[in-house]
Structure formats: structure tokens, C-alpha cells
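Here's the structure we're looking at; comments come further down.
Coordinate-derived values only; no laboratory data. Not measured: the values here are computed from a predicted model.
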Amino acid sequence: MKNVYYHCIIKSNHPTLKNLYFLLLISFSQFSFGQNLVPNPSFELYDTCPNSYSEILHAIPWFRPTLPVINTGNDGTSDYFNACFDSTIIDGVGVPQNIFGYQHARTGVAYSGLFARYPNSTPYREYIEVKLDSPLIGGVSYYVNFYVSLGDSCTCTTDAIGAYISVDSVLSNNYNELPYIPQIINPVSNFIVDKINWTKITGTYFASGGEQFITIGNFKNDSLTDTIFVPGGGIQWWNNSVYFYIDDVCISVLSDSTVCLNSSGILDLNSQNQIEIYPNPVKDKIYFNSKTHSCNKVLFFNSIGDLIFERKLTCSPFAIAEIDLSSFSTGLYFLKIESENYIITKKIQIIK
């Protein structure tokens, strides 16, 4: 499917209109303060609901750079997950249930995904890329962040994930690692092991000027890609692979970094510690400590999304609520806290 771009063209010889158009153009393209420059940062917008793998192109205007002009089968098939797909189909691309596990979106109902490492005779990588809403301004520092979560089916993980910012689009005709050095990188030995929460990758970028693309993935070759074992995982053929979900990509002027820091959705309250949920993993009792908000109800779902427990929850800035989970079996669960003003969804692991 070809991407279609629509442009609004003003044709006028009137000097006032010309000047107004010029000022608007400058405002939108040069002074990008107080905004996230990444379009569709949480992958909520789409032209067609995904119905299979390798469909990041539907999360417009994101695309996969390792896509040959002629289909030779050597392309990196980055994925798009959305709740519009039937989530009861385990072997699919739904949210929260999909082929790589069960994960709610950090924001909204969608996210992307890619292989950061794949056990193959030939090094295999997947990337996602997008053109920014406006080019970066030379001499200005930018705050960059995105969030990753390890797929439930993985039995190993890596610390090799980053973002490359460039003037031109990054394209390749094969699925090997891209030969670029990302400016935003996850720290060495900070292995992404969390399958329950979203892990933030962040950094600062000093722009030369004119940069207008961001590409996310693992830019290291296999010999430089360190991996470690992760307990659990599925029985699928990608057990020895590393698969990351990606959500909430943001670039903002460093002085306005709150634009990115506040660019979260259903997990925003919890991630900013306005409601503390602990411990996790949990053996028997789980506690809810609300610092600024009250709670109305808590619901627990099993790993395939079935509602198994529901209870009214009274928590306030002055009291800590608790729920006894000692009767629950060991495994992965999902809780949802509902109130009149917000919904928080979080993975919970119960151990014995």
C-alpha cells in the first residue's frame, strides 16, 4: 500500500496573505517548542486495522526501513498491534493479547513491536522509523524518550536498543543490522527484563540542524549484542529471540521536556507515583497507596483476559487499602483500577 500525503497549498498574489502564510510556515516548521515532534507517538492512528504481522505501515506515518523495493523475503517485518484486532485470537496482533504475549498499551490501545535479536544463520533485525513533524533546529538540545516491554514469550533479552536521529530517511534492502550509531541508547548492562511494566529509554540529543527522522531498533551486530536468560517464556519458535513492544515515542525541546515526561496515558498516574501499587511480584497481600486521588473499584484478570475478581476499593490520600491474594494461583495477572476520573491498568505477578 502506498502512503498518501495531503498538502494544503495557498495560491495568492496578495502580499498580506503571502506574509501570513510565510509566518505560519515558519511557526510550524521552525519553532517547535512545547510539542512532541513525533507524529502518532503512541501508534493510535491507523489507516487500516492490522490483521497480521509486519503491518507497521498501517500506523501512519510510521514505516519499516528494512523493506526492499522488490520483495525478496529479506525484509525486516516490524509489527503493529491494536485493540481493533480481535484480542481473543492468541496467535494474532491484538491488544492486550497477541502472538508475543499479553500486554496493555502504555497509552491508549495500540503499540508497535520488533525483533531486537533473532537466532538465525544471518543476523536479523527489525526497526521502526518515522518522519518528524518538523526538522530539528541546529544548536538546540532535545529530550528524547520511548518505552519498551519484553514480550512474554521471550526466554532471553538484551540491553541493545536505541534510537538513531538523521537528516535523511534510513533505508535498507535487507534485514541485517543498520550500519549507524544511535545517539539515544539504553545503558550497557541495563538488560530489559521487565515483562510486566514499560521501561523508559531516554537521552538528550544536540541537533546539528535539519534532522527529521527517528529510527528505533538494535543497531549492534550479533557479536556485540549481549543477551541474558529470562525465566518464563513460551514454547514458540522465537524462544531464543528478543522481542520488544514499543510505545510512547517522544522528542521535544529539552527546556520543554515535560511534554515528553507527561506524554503517557492509562499508566500515567501510576508511573508518576500518584497511586502506588506494591509489592510486585506479590505473595499474599497487595497494597494501594493513593497520594492525590481516590479509588472506586479494582478488577483482576487472568493471563488470557478473563475477569476473575472484582471488588470495591476504598483508598484515599490518607489511607492505604489492601487486598488478600493468597488464594490466587501462581502466575501473571492484570489489575484495573477504576474511578470517575481515570483508569489504571497494570501487570501483577503472583508468586508462592
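General observations
- 5 angstrom amide H check on A116, placed H, neighbours 5+ away: V242, Y243, F244
- Integer Hz, Karplus 6.51/-1.76/1.60 couplings in order for the range 242-251, x for Gly and Pro: 10, 10, 10, 7, 10, 8, 6, 8, 8, 9
- Above-threshold pairs, the threshold being 21 Å between Cα atoms, out of K195/K336; K283/K346; K131/K346: K131/K346
- Relative contact order (percent, whole number), the range 74-117, Cα cutoff 8 Å, 6+ residue spacing: 37
- For V140, distant residues with modelled amide H under 5 Å away: A207
- Mean separation of Cα pairs under 8 Å and 6 or more residues apart, divided by the residue count, gives the range 102-182 a relative contact order of 34 percent.
- Rounded to the nearest Hz, the phi-derived 3J(HN,Hα) couplings of the range 92-107 under the Karplus curve 6.51 cos²θ - 1.76 cosθ + 1.60 (θ = phi - 60°) are x, 10, x, 9, x, 8, 7, 5, 9, x, 9, 8, 6, 5, 5, 10, where x marks glycine and proline.
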